[in-house]
Amino acid sequence: MLRFLTAGESHGPALAAIIEGLPAGLPLPEEAINADLRRRQGGYGRGGRQRIEQDEVRFLAGLHQGATIGSPLAMLIANRDWENWRERDAPAWTRPRPGHADLAGGIKYGLRDLRLVAERASARETAARVAVGAVAKALLAAVGVEVGSYVEAIGGVSLGALDMPLAERLALARTSDVFCPDERTAARMRVRIEEARAEGDSLGGVFVVTALGLPVGLGSYVHWDRRLDGRLAQAVMSIQAIKGLEIGPAFENAALPGTQVHDALYPGTPSPLRRANRAGGLEGGVTNGEPLFIRAAMKPIPTTVSPQQTVDLETGEAVETEYQRSDVCAVPAASVVGEAMVAWVLAEALLERYGGDAMDTLARRVADDRR
Ligand SMILES: Cc1cc2nc3c(=O)[nH]c(=O)nc-3n(C[C@H](O)[C@H](O)[C@H](O)COP(=O)(O)O)c2cc1C
């Protein structure tokens, strides 16, 4: 069984993550983790914090000579911004910001200072998830599975239909500062972000996460909590600000007759082939050998320079929100977190199917199955 926990507040000394259940013998160069941490911090439209922090992982346990040894892997990411905050005796936040966990979290945990809610609810926590996801990606890559993402829409500027193989989309997205594979759309996205910035507003959007090279048979139809579509949805929907998800073109499929949706099979070796992948790589909650294709919708960033209406919980008066340093758009960064969560669920499902306490056993079992 593979599992992970994270700990850490946004302006505490560090974020921590522990992964348990990794096979021994998986090489984990720090750079593999740091590269994804940098991608999460990047993307056009981010706020001031990303200039203060430069996330780097420190391994504390679970590795010998750069490879896993079967024991729990412990990782630490320092919060550089902590130094700027530790001396600060700021007044309590008593004005819940709409779209944040402030109001519900403050009531739930009985916290008068809503800053204490924001400290853990904020997306700073996703740096730890990205580190965990980078480990999962390394495990998947060792058996020929690539997980990647690209941004499809920002603030209503959308890529539209794209006649381009998925692998090419991922490669081009990596060269773009909005993580969009088409430069003309990317240019319009940047303009849209600058418009929102000038208006003191924020934007959301849509990103795609895909996995290539998946073996058939990850997940199961036999029980609700083993269906991989449900598990992936939970993992991706748990990301801050993600409010919608589809597998394959699910909402488009919902408007079409069945004969135009279900991916016809025709003879091929070693197993039948398909001309389309409208199922998004899953049937019956099980991987079917086609690329996994997940689309996620991110709401606009809730913090805006333009004030929003709220209530001061101390006085009961109608007031306006106070602006806190914030991103204008974080859809590119969210796509990296999406990759991390998808990679995690796929790594879990891979180990459930093939087991193996050591990487060579796992790799052999996967290779035998692919034959
Ligand atoms: C990568 C990433 C960066 C984010 N950056 C910000 C930000 O700078 N300011 C902000 O108000 N919300 C930001 N959010 C969104 C909030 O964390 C989120 O909307 C809030 O915690 C409430 O959670 P919910 O939207 O899931 O209900 C970000 C989300 C992600 C995934």
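The values are calculated or read from the model by the stated rules, or taken from the named source; none is laboratory data. Quick caveat: nothing in here was measured; it's all calculated off a predicted structure. Every residue, glycine as well, gets a Cβ built from its backbone with ideal geometry; the counts of neighbours run over all protein chains shown. What goes into the accessible areas is simple: the full protein's heavy atoms, side chains included, and nothing from ligands, DNA or RNA. Shrake-Rupley method; radii C 1.70, N 1.55, O 1.52, S 1.80 Å.
Whole percent per 10 Å bin, from 0 to the bin with the longest distance: what is P(r) over all C-alpha pairs of the range 258-313?
Whole-percent P(r) values from 0 Å outward: 17, 33, 14, 11, 16, 7, 2.
Within the chain, what is the longest stretch that has no GluC sites (Glu not before Pro) placed in a DSSP loop and near at most 11 other beta-carbon atoms within 10 Å? Walk me through the intermediate numbers first.
Values: sites that count: E87, E314, E317, E322.
The longest uninterrupted stretch comes out as 88-313.
Round to a whole number: what % of the accessible area of the range 1-84 belongs to carbon and sulfur, probe 1.4 Å?
So the carbon and sulfur contribution to the accessible surface is 55 percent.
Find which of V286, F251, L265 sits farthest along the positive direction of the dipole of the range 247-308, computed with +1 on the beta-carbon of Lys and Arg, -1 on that of Asp and Glu, about the Cα centre.
F251
Heavy-atom accessible area per residue, the range 38-180, 1.4 Å probe: how many Å²?
In whole numbers, the range 38-180 has 47 Å² accessible per residue.
Given a 1.4 Å probe and every protein chain left where it sits, what share in percent of the accessible area of the range 118-207 is carbon and sulfur?
Reported share for carbon and sulfur atoms: 53 percent.
In deg cm²/dmol and to the nearest 500, what is the mean residue ellipticity at 222 nm of the chain if only DSSP H runs of at least 4 residues count, each as -39500 (n - 2.57), divided by the residue total?
-10000 deg cm²/dmol
Whenever you get a sec, compute what percent of the accessible area on the range 247-371 sits on carbon and sulfur atoms (1.4 Å probe). Could the numbers behind the result be given before it?
Values: 3270 of 6200 Å².
Result for the range 247-371: 53 percent of the exposed heavy-atom area is carbon or sulfur.
Please report the base-10 log of the normalised intensity I(q)/I(0) for the chain, using a Debye sum with one equal scatterer per alpha carbon and no solvent, at each q in 0.07 (1/Å).
Summing over Cα pairs of the chain leads to -0.33.
Let me check the size of the range 109-160 from its C-alpha atoms; what are the radius of gyration and Dmax in Å?
For the range 109-160, the Cα-based Rg and Dmax read 17.4, 50 Å.
Please compute the per residue accessible area over the range 187-263 with all protein chains in place, 1.4 Å probe, rounded to a whole number of Å².
With the other protein chains kept in place, the range 187-263 gives 50 Å² per residue.
Among A296, A347, A358, which one shows the biggest mean-square fluctuation in a GNM of the chain, springs joining Cα atoms closer than 10 Å?
Highest fluctuation among the options: A358.
Which longest run of the chain has no exposed loop site in it, a site being chymotrypsin sites (Phe, Trp or Tyr not before Pro) in a DSSP loop with at most 14 other beta carbons within 10 Å, and the site itself not part of the run?
1-220
With the other protein chains left in place, how much accessible area per residue, in square angstrom, belongs to the range 268-368 at a 1.4 angstrom probe?
43 Å²
Pick from A318, A123, A233 the residue whose mean-square fluctuation is largest in a GNM of the chain, springs joining Cα atoms under 10 Å.
A318
Between R325, R190, R97, which gets the highest mean-square fluctuation from a Gaussian network model of the chain, Cα cutoff 10 Å?
Residue with maximal mean-square fluctuation among R325, R190, R97: R325.
First obtain the Kirkwood hydrodynamic radius of the range 122-258 from its Cα pairs, then insert it into the Stokes-Einstein equation at 4 °C and 1.567 mPa s, and state the resulting D in µm² per second as a whole number.
Stokes-Einstein gives a translational diffusion coefficient of 76 µm²/s.
Evaluate E = 1/(1 + (r/R0)^6) for L265 and S71, where r is the Cβ-Cβ distance and R0 equals 41 Å; express this FRET efficiency to the nearest 0.05. Intermediate values should be presented prior to the final figure.
On the way: r = 44 Å, r/R0 = 1.08.
Approximately 0.40, to the nearest 0.05.
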